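**Q** Could you have a look at this structure, given as structure tokens, before my questions?
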Amino acid sequence: MSQTDQTSPAPMLRRELHFGDRVLPCYADRPADLGALVRATFFRMAEAEAVIDGDRRMTYAGLEAASDRVAGALAAAGVAQGDRVGLLLGNRAEIVTAWLACIRLGAIAVPLNTREQKPELTYVLGNCGAKAVIFEDELADRLPDAADVPTLALRIAVGDGDGPAPAGALPWSEIEAGQPFGGWASVAEDDTAVILYTSGTTGKPKGAELSHINIVHSCEHYVDHMALTMDGRERSVLAVPATHVTGLVAVVALMIRVGGATVMMRAFKAPAFLKLAEAERMTYGIMVPAMYNLCLLQPDFAGYDLAAWRIGGYGGAPMPMATINRLAELLPGLILVNAYGATETTSPSTIMPLGEGATRGDTVGRPVRCAEIRIMDEAGREVGPGEAGELWIRGPMVVKGYWARPDANAENFVSGFWRSGDIGSMDEAGYVKVFDRRKDMINRGGYKIFSAEVESELSFHPWVSESAIVSRPCPVLGERTHCFVMLKGEGLEKTEDEVAATLKSFLATRLSDYKVPDYFTFGADPLPRNANGKLLKRDLRDRALAEAAA
């Protein structure tokens, strides 16, 4: 089942052949590639603000000139079309300039998380055969040794001061002062533009190849389904890493597409975010639910003037209904929009229709206009409306595959569908529910428990700031449930036995008895998350195992 009629009037679609054998519905009227997308905005919005990074404010004319000079310097240093360029940079203006320089050259950008350590960076840069890396100068010691990645011929250091570049690296100031490249590489839509490495929860990370057509269609989906303007009025605070698909596509690329401004935030802190959102009159933002919750925990939240904030996107985890209700009360002009996707779908594959978040909060919306989503059982058969199965996703935003990983491609892609690994359902109206990761679903004596359902109910209790349900081995039932809870308010003053009894009683009136957690661990600190804000359930499972052993 697919859905292609969320908004009106509907843009014209046509079926096209891409990636060898995929016939896909595509927007008929779209930028031909990322270069065309960028050039159109440079032409239309030259004097509009493009990037705001602290005291630095760049217009699109300034961004065009800066990225042209960087492209020229990279070309002079030997970077050519198709070469891979690592970007080990935080949320700063240089990552936008460097990425646009790669687009000019037809080089492939490889964004790298600044939390990664030397062995991880060595693997990724070696796997993609990177020709160059642009990095934060303070991270120089994490870069691979020359012998470990022999292709890595060029290292460029970006710093905040005037000190010398680390040994063996060129300073960014030299690159930034290069001679303009002047032109634009000729590329095909299906060519790879970006390689984003997945988190690698099992085995080594895989490099998803985001092509020009993937990123262009994701931008078009956001504009289409979120009713964004194209006249330079949109402004977004980049609160998630620019090296993640959400930050790179749903903020940086999208703001360029609409001629809006990206406001850089080096690291998310709720008070600083709220100040920036107010000062820069943010109109559109996208974050994980935990970030919204942290904002709501600020005692002076209601004192911020956030009237300009019109669209609040979220994804990566379910948004508790209690959070949705509280935001509706405090920010009545904000439309919350769930966007479900992944690196492999270039984000997003579903988007909640505007205004339906409060009534359809148990879903992730409907498939975006060019997406096809099927719910499949373990035997590869499509299930009926409302039945649970694995989400298979196809469309022009789905990547062509993983870099140099034919084994992973064969395992994860079937007839152009990406097998998401998520368990969910779709109703007759096309609304999609996501219950759990297939590996996170708990089987308690034959009864299936989806952690998101229990976590959502717990969010309504006034003592619970956040929670996470994981499995714990049981010799009788196979698995039992272990719940980790970050407490707040009165809950911090109670004994663990009192809190456990209260929460169990609370859930027993709202859920089937087998869904009530068997074990609890309480604390006052936030639950562990990666740099992208996603909960690290693997770490929590290890803690549950350790507690069971003790």
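The values are calculated or read from the model by the stated rules, or taken from the named source; none is laboratory data. Everything numeric here is computed off the predicted structure, so don't read it as measured data. Glycine also receives a Cβ, built like all others from the backbone with ideal geometry; neighbour counts cover every protein chain displayed.
**Q** For the range 257-315, how many residues meet the condition of being under 21 Å from T229 (Cβ atoms), of a type in the set (G, A, S) and either assigned to a helix (DSSP H, G or I) or touching a helix residue (DSSP H, G or I) at 6+ places or on another chain (Cβ under 6 Å) (or both)?
**A** Qualifying residue count, the range 257-315: 3.
**Q** On to the next question. Among the residues of the range 308-346, count how many are touching a strand residue (DSSP E or B) at 6+ places or on another chain (Cβ under 7 Å) and within 30 Å of E411 (Cα to Cα).
**A** Residues meeting the conditions: 11.
**Q** Filter the range 294-348 for residues that are buried (at least 23 other Cβ atoms within 10 Å of the Cβ) and of a type in the set (F, W, Y) and give the result.
**A** Selection gives Y314, Y340.
**Q** Do we find that E356 is outside the structural domain of V476 (by TED's automatic domain parsing), surrounded by fewer than 21 Cβ atoms within 10 Å (Cβ to Cβ), over 30 Å from P9 (Cα atoms) and over 20 Å from the mean Cα position of the chain (by Cα) in this structure? It would help to see each step written out before you state the result.
**A** On the way: outside the structural domain of V476 (by TED's automatic domain parsing): yes; surrounded by fewer than 21 Cβ atoms within 10 Å (Cβ to Cβ): yes; over 30 Å from P9 (Cα atoms): no; over 20 Å from the mean Cα position of the chain (by Cα): yes.
No; evaluated as a whole, the condition is false for this residue.
**Q** Across the range 500-518, what is the total count of residues that are more than 18 Å from D440 (Cβ to Cβ), under 34 Å from the mean Cα position of the chain (by Cα) and part of a helix (DSSP H, G or I)?
**A** 5
**Q** Same structure again: Collect the residues in the range 343-369 that are in a loop (DSSP other than H, G, I, E, B) and closer than 13 Å to R394 by Cα, keeping them in residue-number order.
**A** Selection gives T346, S347, P348, S349, V368, R369.
Residue-by-condition table, conditions (1) at pLDDT 95 or above; (2) in the same structural domain as P205 (by TED's automatic domain parsing); (3) of a type in the set (S, T, N, Q):
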site	(1), (2), (3)
V383	yes, yes, no
L391	yes, yes, no
V399	yes, yes, no
F435	no, no, no
G445	no, no, no
S451	no, no, yes
A468	no, no, no
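**Q** Which ones in the range 45-58 are closer than 18 Å to R104 by Cα and surrounded by fewer than 20 Cβ atoms within 10 Å (Cβ to Cβ)?
**A** Scanning the range 45-58 gives a single hit, A46.
**Q** Here are E466, E455: which of them is closer than 18 Å to P320 by Cα, part of a helix (DSSP H, G or I) and either touching a strand residue (DSSP E or B) at 6+ places or on another chain (Cβ under 7 Å) or among the hydrophobic types (A, V, I, L, M, F, W, C) (or both)?
**A** Sole residue among the options that is closer than 18 Å to P320 by Cα, part of a helix (DSSP H, G or I) and either touching a strand residue (DSSP E or B) at 6+ places or on another chain (Cβ under 7 Å) or among the hydrophobic types (A, V, I, L, M, F, W, C) (or both): E455.
Each row is one residue, and each column tells you yes or no for (1) over 18 Å from the mean Cα position of the chain (by Cα); (2) aliphatic (A, V, I, L, M); (3) surrounded by fewer than 22 Cβ atoms within 10 Å (Cβ to Cβ).
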{"residue": "S186", "(1), (2), (3)": "yes, no, yes"}
{"residue": "L210", "(1), (2), (3)": "no, yes, no"}
{"residue": "C219", "(1), (2), (3)": "no, no, no"}
{"residue": "V223", "(1), (2), (3)": "no, yes, yes"}
{"residue": "T246", "(1), (2), (3)": "no, no, no"}
{"residue": "A261", "(1), (2), (3)": "yes, yes, no"}
{"residue": "L274", "(1), (2), (3)": "yes, yes, yes"}
{"residue": "A277", "(1), (2), (3)": "yes, yes, no"}
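**Q** Out of everything in the range 509-546 that is acidic (D, E) and over 30 Å from G247 (Cβ atoms), what residue ends up being surrounded by the most Cβ atoms within 10 Å (Cβ to Cβ)?
**A** Out of the qualifying residues, it is D518.
**Q** Would you confirm, using the coordinates I've provided, whether P367 is surrounded by fewer than 16 Cβ atoms within 10 Å (Cβ to Cβ) and either in the same structural domain as I213 (by TED's automatic domain parsing) or over 25 Å from G207 (Cβ atoms) (or both)?
**A** no
**Q** Moving on. Does A242 meet the test of being at pLDDT 95 or above and assigned to a loop (DSSP other than H, G, I, E, B)?
**A** The answer is yes for A242.
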